Each structure stands twice: as structure tokens, then as C-alpha cells.
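Here's the structure we're looking at; comments come further down.
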Amino acid sequence: MIRVAIGFTAVMVVTSAIVYFAHASLILLFIASCLSIVPLAFLMGRATESIGAYAGPRIGGLLSATFGNAVELIIGIMALMNGLTELVKASITGSILGNLLLVLGLSFTVGGIRHPIQHFNVRAARSNASMLVLGVGLAFAIPAIFDSATGQAGWVMSKAVTAVSLCVYVLGLLFSLFTHRNLFESIESVANKEANRPHSRKLTGAIILLFASTVFVGIESEWLVKSISVIGKNMGLGELFMGVIVIAIVGNAAEHASAVWMAWKNRMDLSLEIAIGSSLQVAMFVAPVLFVVSLLVGHPMSLVFSWPELASMAAAVALIVVLMVDGESNWLEGIMAVGAYVLIAVGFYTLSAA
């Protein structure tokens, strides 16, 4: 599987390089970059898992938290360097919506088809639900509310949200990986089973694969960002739709497949950890880091989101919290989440096309 992924990735990277240096159509560059980033994200994930298997479950969990959204972070940095601040904010919104509604919805649906009722760690689910309410529902809504009231509180609140979110995120890692690991027993036990399986790739090979994948993701992200604005204009789509839907799906494709596959195998704790954990990382780590980066590169980006984005994220959090607090899932609940994602996608399409 890894060899096939590496071979396909190499072909797509070479193809996108030829398209770029030959100054071919931007549409071809966009397609080639997207098709390159997806397998690169998969390779990054597998390399991180291999390193974590050698380092143990604690360090492995920390590595997963660090590199879980590396693709979105790299794409965001490249977009900020090109001054596409609205595209970056839209991609943050899209990552959260995609992971909560599309990924978790497909996981519930696919897993529920094979297993009528699936169970997962209800204590871990409630802990993640509380973090979602804080990290998405409150941290993103408060800057917009105060900025609309005063007209000048956006930057101050963005700095406060960045500081608080990063602190809570780090403390959340401390909580789940060290002080209260027993709350996540079922997740860790499955992770240990995966880690105890024999690994063909040596630690050095995994580190080299992770480094090489990260470098090529950076290159492909730069090419993707250069083409996406023109592609959006030619198709009549604005940065909002491209960021919320297209960039979010491309950046999270590997995680999408992993979460659904875990649900199919009835490993719902891992599936939820991928989907919910990724959303929390985006909201409480990636977004604050991108805010800091925006200041450093000279293209300031506040964390004041538009009201359609805030309403969509709040609705997504509310729906997912209701669906997972009982510790059970079925295919109908998955259909509900996917249906909500489709409605929101249509809404953003109408905004971009207007």
C-alpha cells in the first residue's frame, strides 16, 4: 500500500512540476496540485504513525496532534504569503465543517451500514464536546460579536482568542495524554494494538518520509495557491467557496478516508478522535498559529469571521454535540450530518455566485 502511494505521489509531483515549469494551463496546475497533495497527506500520516509506534503512545499522540493538520497549516501559510487572508479564514471554516459534518457523518453512515449500533467512549466524547463549544462556538463567535458592537475590537479580541486557545489546547493535550489518560482508555488500547503490529519501515525511513512529504506539500501548496484565485474567478466562484469547500476537502482527504475506514472496522473511538480531534486542532491550534504568521508576513488576518461562517460552525457544533453525547451512533445520524453539510455547501455556493 505504501509503495503504491509513494509511486502515485511521485508521478503526480513530477506531473505538476512539468505543468508548472512549462507554464501550462492553470486549470491543469490546480488539478495536478490537488492530486499530489492528497497522497502526500496520506504519506505524512503513515510516517507519523510509524514514528509514534517507536516512540510510544504518549509521544505518538503528541506527534499526531502536531502533524495532524500540517497540510492545512502549510496551505494556509502559503496563502497568507500571497495576501489571501479571506481564503485562509474560509479554509479554517471549511476544515471545521468538513471534519464535523462530512467526515463524521460519512463515518456514522458507513459504519452504521455494517454495524447497526456502534458504541464509543462517552466520557471522551463529552470532553471533546466541551472543547468544541469553547474552541469553535465561543472563541470564534466572541470576536465577531464585540467587533460588531464597537467596530474596533476585532484585533484585540483576536489576540486574546489566540492566547487563550493555544493555552487551552496545550492543557487539553496534557489532560488527554498524561493526567487523565484513563478517560481515553478505549482509544489508547486500540492505538496500542495498532502500534504492536510489526512495522516494515524503520524509524529512520519514517523520519525521511515525513520530512520529504512535508517539503513537497509546501511546494505543491504554493502552486495550488497560485492557481486557485484564477480558477475560482474563471468558474464564477469566490474565495469563500473555494476555501470552505475545495481547499478543506483537499487538505483533509487523507484524514477523511482514515476516519471512515476506522468506522467501517467498528473502531469508533479512533474515528471520532480523527474527526473531532482534527476540528479541535484547526480551531485551537492552526487558526491561532496562522493569525501569528499573518502578522509576521505582513498580511494581518483577524479572527473575525463572517456571520454565515459563524452560523454554520455553530450549527455544526450543536448538531454533533447532540449526536455523540449518548455514546452511540447509527447510519441515520450520519445521514443527518452529511445532509447538513450539503445544505451549508449550497449556501456558500450561492454566496460566491451572487
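The values are calculated or read from the model by the stated rules, or taken from the named source; none is laboratory data. From a predicted model like this one, the values you see are computed outputs, not experimental measurements. No Cβ is skipped: glycine too gets one built from the backbone with ideal geometry, and neighbour counts run over all protein chains shown.
Scanning the stretch 233-245 for residues that are part of a helix (DSSP H, G or I) and without any contact (Cβ under 8 Å) to a residue 60 or more places away in the chain returns a single hit, Lys233.
In this structure, does Ile245 turn out to be modelled with pLDDT of 80 or more and within 30 Å of Leu29 (Cα to Cα)? Judged against the criteria, Ile245 is a match.
When restricted to residues that are modelled with pLDDT under 90, under 18 Å from Val286 (Cβ atoms) and not β-branched (Val, Ile, Thr), the stretch 101-138 contains 7.
For the stretch 37-51, the criterion of being in contact with a Leu (Cβ under 6 Å, 6 or more places away or on another chain) and at pLDDT 85 or above is met by no residue. Checking each residue in the stretch 139-163 for being among the β-branched types (Val, Ile, Thr) and either under 19 Å from Gln281 (Cβ atoms) or touching a Lys or Arg at 6+ places or on another chain (Cβ under 6 Å) (or both) picks out Val161, Thr162. Buried (at least 19 other Cβ atoms within 10 Å of the Cβ) and either assigned to a helix (DSSP H, G or I) or not basic (Lys, Arg) (or both), is that true of Val71? Here the answer is yes, as Val71 does meet what is asked. Output the residue which, of all residues in the stretch 1-29 that are touching a Lys or Arg at 6+ places or on another chain (Cβ under 9 Å) and within 16 Å of Val246 (Cβ to Cβ), is surrounded by the fewest Cβ atoms within 10 Å (Cβ to Cβ). Taking the candidates together, the pick is Leu26. For the structure I just gave you, tell me whether Met268 is touching a strand residue (DSSP E or B) at 6+ places or on another chain (Cβ under 9 Å) and within 25 Å of Ala70 (Cα to Cα). For Met268, the condition - touching a strand residue (DSSP E or B) at 6+ places or on another chain (Cβ under 9 Å) and within 25 Å of Ala70 (Cα to Cα) - is met.
Pairing each residue of the stretch 201-229 that is more than 19 Å from Ala32 (Cβ to Cβ) with any residue that is in a loop (DSSP other than H, G, I, E, B) and modelled with pLDDT under 80, provided the two are 6+ apart or on different chains, yields C-beta distances under 8 Å for Leu209/Arg201.
Of a type outside the set (A, V, I, L, M, F, W, C) and at positive phi: which single residue out of Gly339, Gly327 fits that description? Break it down into steps so the answer makes sense when it comes.
Numbers: Gly339 fails: at positive phi.
None of the other options fit; the residue is Gly327.
Of the residues making up the stretch 112-140, those that are buried (at least 21 other Cβ atoms within 10 Å of the Cβ) and over 17 Å from Ala275 (Cβ atoms) number 2.
Just one of the listed residues (Leu272, Leu224, Leu295) is part of a helix (DSSP H, G or I), modelled with pLDDT of 80 or more and under 20 Å from Phe305 (Cβ atoms), namely Leu295.
State whether one or more residues within the stretch 54-62 are modelled with pLDDT under 80 and crowded, with 21+ Cβ neighbours inside 10 Å. Yes, there is a match, as at least one residue in the stretch 54-62 is modelled with pLDDT under 80 and crowded, with 21+ Cβ neighbours inside 10 Å. For the stretch 77-111, enumerate the residues that are of a type in the set (Ser, Thr, Tyr) and surrounded by 24 or more Cβ atoms within 10 Å (Cβ to Cβ). Ser91, Thr93, Ser95, Ser107 - these are the residues of the stretch 77-111 that are of a type in the set (Ser, Thr, Tyr) and surrounded by 24 or more Cβ atoms within 10 Å (Cβ to Cβ).
Here is a check on your reading of the model: is Ala287 surrounded by 24 or more Cβ atoms within 10 Å (Cβ to Cβ), touching a helix residue (DSSP H, G or I) at 6+ places or on another chain (Cβ under 9 Å) and more than 21 Å from Val342 (Cα to Cα)? Yes, satisfied. If you go through the stretch 309-333, how many residues are part of a helix (DSSP H, G or I) and either without any contact (Cβ under 8 Å) to a residue 60 or more places away in the chain or surrounded by fewer than 16 Cβ atoms within 10 Å (Cβ to Cβ) (or both)? Number of matching residues: 5.
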